[in-house]
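The values are calculated or read from the model by the stated rules, or taken from the named source; none is laboratory data. Model, not experiment: these values are computed from the prediction. Because the Cβ atoms are built from the backbone with ideal geometry, glycine has one as well, and the counts that use them run over all protein chains shown.
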Amino acid sequence: MKKILLAAFVLLAFSTVLKADPPKKVELSFNAETHKLKVVAVHPVKNVTDHYIDLISISVDGKEVKVLKPQKQSTAGDETDEIVVPEIKKGSKVTVKARCNRFGTKSASLTV
C-alpha cells in the first residue's frame, strides 16, 4: 500500500512540474524623468484570458512597494506595464517578480 501511495505522489509531483509555465524572462527599464518603470514579462500563450501573468510584484531596496494583479495578459506574447514608482531613486535596486496563473514565477533586477 505504501508503494502505491508513493508512486501516486511521484506521478502527481512529476505532472505538476511538466505543467509549469513560468514567464520566459522579465525585462525592466526605468525612466528617471517620469519615474516610470517598464515591465515586460515575456510569456507566450494561446488564450490571454485563460492563461496569463496574474501577479507582478515590485520591490525597491528589498521592500515591496507595488503589486499588480492583471485579470488577463496584454498580448499573446507578453504582459507589458508601465508603472509610476516614486520610491525608485538613484542607486535603488529594483526587483520585479512575475507569476503565471497556472504555475511558475520569474524575477529580474535592475540597479538604477
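Brief remarks follow.
- Hey, Lys36 at pLDDT 90 or above, surrounded by 10 or more Cβ atoms within 10 Å (Cβ to Cβ) and of a type outside the set (A, V, I, L, M) or not: yes
- Hits in the range 67-112 (condition: in contact with a Phe, Trp or Tyr (Cβ under 7 Å, 6 or more places away or on another chain), assigned to a loop (DSSP other than H, G, I, E, B) and within 15 Å of Lys36 (Cβ to Cβ)): Ile88, Val112
- Taken as a whole, the structure places Ser29 among residues that are among the hydroxyl-bearing types (Ser, Thr, Tyr) and more than 14 Å from the chain's Cα centre (by Cα).
- The lone exception for Pro23 - which of (1) in a strand (DSSP E or B); (2) under 12 Å from the mean Cα position of the chain (by Cα); (3) not aliphatic (A, V, I, L, M) it fails: (1)
- Residues that are of a type outside the set (Val, Ile, Thr) and touching a strand residue (DSSP E or B) at 6+ places or on another chain (Cβ under 8 Å), drawn from the range 56-70: Ser57, Ser59, Asp61, Gly62, Glu64, Lys66, Leu68, Lys69, Pro70
- The set of residues in the range 46-86 that are loosely packed, with under 15 Cβ neighbours inside 10 Å and over 19 Å from Lys24 (Cβ atoms) comprises Thr49, Asp61, Gly62, Lys63, Glu64, Val67, Lys69, Gln71, Glu82, Val84, Pro86.
- Subset of the range 41-55 (residues that are polar (S, T, N, Q) and either outside any loop (DSSP other than H, G, I, E, B) or in contact with a strand residue (DSSP E or B) (Cβ under 6 Å, 6 or more places away or on another chain) (or both)): none
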